[in-house]
Amino acid sequence: MKTAPLMRRLALLTCLLPAVPALAADQMRTAYRSSVSTTLSASVGAFDSVLGHALSGYDKVRLNSKGLFLATPGPGSAPRMWWAFEAREYHGSTFGRKFDMLLGIEKPVGTGTRLGFATGYGVADLDTGRDIRTQTLSFAPYVQTALTDHIRLKAWAALARPGYRLGNSPRSAWRTAAGLNANGSYELRRMDLSGAAGLSLSQQTSSGIGDLSTWQVGKLSASLRTRATLRLERNFRPYFELGYSYGSWVDAGNSGETHAPSLKTGLSWSHKKRSFTLSLIGTQVFDPVQPLVLNTRYSIRF
């Protein structure tokens, strides 16, 4: 009489056992995909940010919330070298840190054109449901040129080889990315008009894990911005800015897109090597869910 209940329990346990490894494999695939998506966005963002700064002028030192940028002097037609370090921290469904170190060399070529080459090394320790460590080695040529007296163009392209370690399971991938930015400025009697357009594309082919076969992740982002700045006395510059950004992604057959208009107004002041900026981000006008954001920044150049 006591044997029947015991046999029923054993049968139920036998049915549940195959679900345990299946659940673990599904968690592993989800964690792997999340890590790939996070590191892809961070690495492309690091290249776009650092190369954008390297091509913006010959500032020798920049230190902000993202990281540090150092460059050697580059007078005239002499080449210069630069080094950058960026750090990102994640909280939420993805938890951990990512660090990127980039080294570059560039040289003026002709009139109004600079050509350079950069290499980068990134390390990430993330918890996306599983502990995953990533190491990435990247190479990227880049160029800046003046199309007209008012319009400048910046472009870069990168090839990277990221590696992922999930416990004792190493996985590798190939990554390609590119960025294109154009900006222009015009001076009126008491006003400066400026605008910028940006486009970045990235794609990664990752090796499979478990039942998950090789798959591709692709991302595209585009932005457009225009700003009107009044020139007042004593270097005070109130401004008004409108912008729009678009993003789309494809991940193993799934896809999506985002749209985000933006509105910003504020005031900037500069004197010699010091500057102060006060800005109010009013995206709430387009999306009531978004908060009003007030930012201030004070900087000193060396």
message: Need a quick list: strands (runs of 3 or more DSSP E) entirely within segment 199-297 having at least 1 residues that are over 29 Å from residue 63 (Cβ atoms).
response: 215-230, 236-251, 254-271
task: Only residues that are at pLDDT 75 or above and in contact with a Gly (Cβ under 7 Å, 6 or more places away or on another chain): list them for segment 48-67, please.
output: 48
query: Residues in segment 127-137 that are touching a Gly at 6+ places or on another chain (Cβ under 6 Å) and open to solvent by 10 Å² or more (accessible area, probe 1.4 Å): how many?
result: 2
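Per-residue answers, yes or no, for (1) part of a strand (DSSP E or B); (2) over 16 Å from the mean Cα position of the chain (by Cα); (3) not β-branched (Val, Ile, Thr):
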| site | (1), (2), (3) |
| --- | --- |
| 132 | yes, yes, no |
| 138 | yes, no, yes |
| 141 | yes, yes, yes |
| 149 | no, yes, yes |
| 155 | yes, no, yes |
| 164 | yes, yes, yes |
| 174 | yes, yes, yes |
| 182 | yes, yes, yes |
| 186 | yes, yes, yes |
- request: Return yes or no: is residue 280 surrounded by fewer than 14 Cβ atoms within 10 Å (Cβ to Cβ), modelled with pLDDT under 90 and over 25 Å from the mean Cα position of the chain (by Cα)?
  value: no
- prompt: If you go through segment 76-91, how many residues are open to solvent by 50 Å² or more (accessible area, probe 1.4 Å), out of contact with any Pro (no Cβ under 7 Å at 6 or more places or on another chain) and within 13 Å of residue 114 (Cα to Cα)?
  reply: 3
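Specify which of the listed residues (256, 247) is touching a Leu at 6+ places or on another chain (Cβ under 9 Å) and open to solvent by less than 60 Å² (accessible area, probe 1.4 Å).
When all the criteria are applied, what remains is 247.
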query: Regarding residue 140, is this residue among the hydrophobic types (A, V, I, L, M, F, W, C), more than 17 Å from residue 38 (Cβ to Cβ) and touching a residue at least 60 places away in the same chain (Cβ under 8 Å)?
result: yes
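Looking at the structure I just gave you, is residue 293 open to solvent by 70 Å² or more (accessible area, probe 1.4 Å) and at pLDDT below 90?
no
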query: Taking segment 92-124 as the region of interest, how many residues are assigned to a loop (DSSP other than H, G, I, E, B) and either of a type outside the set (Gly, Ala, Ser) or surrounded by 14 or more Cβ atoms within 10 Å (Cβ to Cβ) (or both)?
result: 3
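The values are calculated or read from the model by the stated rules, or taken from the named source; none is laboratory data. Fair warning: this is a prediction, and the values are worked out from it, not measured in the lab. Cβ sites come from the backbone with ideal geometry, for glycine too, and all protein chains shown count toward neighbours. To get the accessible areas, we keep the full protein, side chains included, count just its heavy atoms, and leave off ligands, DNA and RNA. Shrake-Rupley method; radii C 1.70, N 1.55, O 1.52, S 1.80 Å.
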